[in-house]
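Engineer: Got a structure for you, questions after.
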Amino acid sequence: MIQRVRGTRDFRPEEMWKRNWLSETLRKIARSYGYREVLTPVIETAELFVTKSGPGVLNEMYSFTDKGGRELSLRPELTAPIIRFFVNDLRDEPLPIKLFSISNCFRYEEPQLGRYREFFHFDVEIIGSDDPDADAELLSMSNSICRSLGLREYSYRIGHVGIVRERLDRAGVDRQKQSEFLHLIDKKRLKEAEELLASSGTRTADVNDIMHICSLKGDVSLLSGLGSAAEQLHETVRIAEACGLGDHTIDLGVVRGLDYYTGMVFEIDYPSLGAEKQICGGGAYRLSHLFGGPDVPCTGFAFGFDRLLIAAEKQTAPPPEPVPDALIIPLPPVDRAYAAALSQELRASGLSVETDLMNRTLSKALKYASSRGARFAVIIGEKEMKEGIVLLRNMSTGEQKGLERERLASAIRA
Ligand code: HAM
């Protein structure tokens, strides 16, 4: 038996029903904020991600050389592809451009519940602004998503990489070392982060100051006196609070695993998910100029779609999967075309109808109808066909009656 690839999943019909329910809920919320949906390819040139994704994502990328000798990658995330799309085709649209996408991404990680090698992002990007209002809109929208899914114990950790980067710049730490340092801070490997700075010739006073900044956690009051980036963050949080932002902490140790962030950054945790409790991450960044476009500020976030669904299901029961209204059962020697045409007629009137495709006996066809949860079975024998009638069987009561073909749709609907 050929097995599926480790870290990937097949989704059963009932799971797809729930996933589509979540997608539709997310689409509705995104549209209510004026975002429009896009879709980009699964494969991109590897270069797109090498430029700015950072060591975390690069080590986990699925990359390969195609038959034409091109270095390609399966996308590990959607931000870089969406900004490439903007640079290629959307740059003439008026700013801000507000986009979202629901797509699969690939990272070579150790699989466990909530962590997969193929997973899905609900990604949102604002191209053209990273003003406090834009950052605040993202906090507010992600909050609306958590609220509308009934999540209760979610919490935000909000930081600003600019505050840390400003100090790293001042201390003379080069960009490559900054990236390594921030990656270690993101992974909470604080001792190693401190040693990295010290070993690269940073003054002890600067190392202590930077490590102190990264350890700051609390309410917005900790931002006073930390400079203009901190003031901007304060304003972002003030606006988001006015829109009902849920439980949140300012945490300057939140610097994110991807290398492109320049401003406000945030993560949302949902503790009852255990080890993989981070359901969303995002922030303000600049990427467009690296792909040959204008240097526009951007800001965005991505929910881990799979984790969000696990969290949502703990609180909200998705609506039940719909069942067929009827299964049409033509009994031999009834013409299959007669039955198929009848099904077609019922579908055209708005009903969901299946026809028995297995040429089953009546008892087996009824068993199938009940396993599918069909509300009615429509039985057509030779006699019924000749008389232009059908037998309509209510699958929950077992009650069965003959009626004219023309009255079938309204009887099922009633
Ligand atoms: P990220 O934090 O790498 O951010 O991914 C966003 C979310 O995807 C995570 O918070 C997590 O819930 C989920 N996730 C990540 N890896 C996996 C995995 N292996 N299996 C299941 N879920 C996973 C980004 O990718 C940025 N592009 C977000 C962004 C958009 N920033 C600005 N715009």
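Engineer: Filter segment 289-311 down to the residues that are within 13 Å of the ligand (Cβ to nearest atom) and part of a helix (DSSP H, G or I) and list them by number.
Structural biologist: Once the filter is applied, which keeps residues that are within 13 Å of the ligand (Cβ to nearest atom) and part of a helix (DSSP H, G or I), segment 289-311 yields 305, 306, 307, 308, 309, 310, 311.
Engineer: Let me ask something else about it. Can you tell me how many residues in segment 102-124 are among the aromatic types (Phe, Trp, Tyr) and not in a strand (DSSP E or B)? Can you show your working first?
Structural biologist: To start, the set of residues in segment 102-124 that are among the aromatic types (Phe, Trp, Tyr) comprises 106, 108, 116, 119-120, 122.
Then drop every residue that is not not in a strand (DSSP E or B), which leaves 108, 116.
Within segment 102-124, residues that are among the aromatic types (Phe, Trp, Tyr) and not in a strand (DSSP E or B) number 2.
Engineer: Further question on the same structure: When you check residue 319 against the structure, is it under 34 Å from the mean Cα position of the chain (by Cα), within 30 Å of residue 146 (Cβ to Cβ) and not hydrophobic (A, V, I, L, M, F, W, C), yes or no?
Structural biologist: Yes.
Engineer: Could you tell me which of the residues 159, 114 is over 26 Å from residue 315 (Cα atoms) and not charged (D, E, K, R)?
Structural biologist: 159
Engineer: Got a sec? Which of 326, 284, 311 is within 21 Å of residue 102 (Cβ to Cβ) and in contact with a helix residue (DSSP H, G or I) (Cβ under 8 Å, 6 or more places away or on another chain)?
Structural biologist: From the options 326, 284, 311, the qualifying one is 311.
Engineer: Checking residue 81 against (1) more than 30 Å from residue 226 (Cα to Cα); (2) in contact (Cβ under 8 Å) with a residue 60 or more places away in the chain, only one condition comes out false. Which one?
Structural biologist: (2)
Engineer: Continuing with the same structure: Could you list, ordered by first residue, the pairs with Cβ atoms under 6 Å in which the first is in segment 106-129 and touching a residue at least 40 places away in the same chain (Cβ under 8 Å) and more than 6 Å from the ligand (Cβ to nearest atom) and the second is in a strand (DSSP E or B) and small (Gly, Ala, Ser), at least 6 apart or interchain?
Structural biologist: Within 6 Å, the pairs are 124/300.
Engineer: Checking residue 73 against (1) surrounded by fewer than 19 Cβ atoms within 10 Å (Cβ to Cβ); (2) more than 30 Å from residue 140 (Cβ to Cβ), which single condition isn't satisfied?
Structural biologist: Residue 73 satisfies all of (1) surrounded by fewer than 19 Cβ atoms within 10 Å (Cβ to Cβ); (2) more than 30 Å from residue 140 (Cβ to Cβ) except (1).
Engineer: Which of the following residues is surrounded by 14 or more Cβ atoms within 10 Å (Cβ to Cβ), among the acidic types (Asp, Glu) and not in a strand (DSSP E or B): 384, 354?
Structural biologist: 384
Engineer: Going by the conditions given, is residue 98 assigned to a strand (DSSP E or B), in contact (Cβ under 8 Å) with a residue 60 or more places away in the chain and either more than 12 Å from the ligand (Cβ to nearest atom) or within 26 Å of residue 234 (Cα to Cα) (or both)?
Structural biologist: The answer is yes for residue 98.
Engineer: Any residue that is touching a Leu at 6+ places or on another chain (Cβ under 9 Å), assigned to a strand (DSSP E or B), farther than 30 Å from residue 223 by Cα and not hydrophobic (A, V, I, L, M, F, W, C) - is there at least one of those in segment 328-335?
Structural biologist: yes
Engineer: If you take the residues of segment 142-190 that are among the basic types (Lys, Arg) and assigned to a loop (DSSP other than H, G, I, E, B), which of them is farthest from residue 304 (Cα to Cα)? Even if it seems obvious, please write down each step before you answer.
Structural biologist: Residues of segment 142-190 among the basic types (Lys, Arg): 147, 152, 157, 165, 167, 170, 175, 177, 187-189.
Applying the additional criterion that residues be assigned to a loop (DSSP other than H, G, I, E, B) yields 152, 187-189.
Details: 152: 17, 187: 18, 188: 21, 189: 23 Å.
So the residue we want is 189.
Engineer: Considering segment 33-55 alone, what residues qualify as being assigned to a helix (DSSP H, G or I) and in contact (Cβ under 8 Å) with a residue 24 or more places away in the chain?
Structural biologist: Initially, segment 33-55 is screened for residues assigned to a helix (DSSP H, G or I), giving 47-50, 55.
47, 48, 49, 55 - these are the residues of segment 33-55 that are assigned to a helix (DSSP H, G or I) and in contact (Cβ under 8 Å) with a residue 24 or more places away in the chain.
Engineer: Specify the residue that is surrounded by the most Cβ atoms within 10 Å (Cβ to Cβ); the eligible residues are those in segment 1-32 that are of a type in the set (Ser, Thr, Tyr) and part of a helix (DSSP H, G or I).
Structural biologist: 25
Engineer: Kindly establish whether residue 391 is over 24 Å from residue 14 (Cβ atoms) and out of contact with any Phe, Trp or Tyr (no Cβ under 9 Å at 6 or more places or on another chain). Walk me through how you get there before you give the answer.
Structural biologist: Working: over 24 Å from residue 14 (Cβ atoms): yes; out of contact with any Phe, Trp or Tyr (no Cβ under 9 Å at 6 or more places or on another chain): yes.
Yes, satisfied.
Engineer: I've got another one for you. Taking residue 139 as the residue in question, decide whether it is closer than 28 Å to residue 100 by Cβ, assigned to a loop (DSSP other than H, G, I, E, B) and modelled with pLDDT of 95 or more.
Structural biologist: Considered against the rule, which asks whether it is closer than 28 Å to residue 100 by Cβ, assigned to a loop (DSSP other than H, G, I, E, B) and modelled with pLDDT of 95 or more, residue 139 comes out as no.
Engineer: Would you pick out the residues in segment 236-285 that are at pLDDT below 95, assigned to a loop (DSSP other than H, G, I, E, B) and not hydroxyl-bearing (Ser, Thr, Tyr)?
Structural biologist: Within segment 236-285, 246, 255, 256, 257, 258, 259 meet the criteria.
Engineer: Is segment 206-224 home to any residue that is farther than 15 Å from residue 167 by Cα, acidic (Asp, Glu) and in contact with a Gly (Cβ under 6 Å, 6 or more places away or on another chain)?
Structural biologist: The answer is no; no qualifying residue exists.
Engineer: Going residue by residue through segment 248-263, is there one that turns out to be within 30 Å of residue 394 (Cβ to Cβ) and more than 16 Å from the ligand (Cβ to nearest atom)?
Structural biologist: Initially, segment 248-263 is screened for residues within 30 Å of residue 394 (Cβ to Cβ), giving none.
Taking every residue of segment 248-263 in turn, none turns out to be within 30 Å of residue 394 (Cβ to Cβ) and more than 16 Å from the ligand (Cβ to nearest atom).
Engineer: Among the numbered criteria (1) modelled with pLDDT of 95 or more; (2) away from the ligand (no atom under 16 Å from the Cβ); (3) of a type in the set (Ser, Thr, Tyr), which single criterion is violated by residue 155?
Structural biologist: (2)
The values are calculated or read from the model by the stated rules, or taken from the named source; none is laboratory data. Worth saying up front: this structure is predicted, and the values here are computed from it rather than measured. We place every Cβ from the backbone using ideal geometry, glycine too, and count neighbours over all the protein chains shown.
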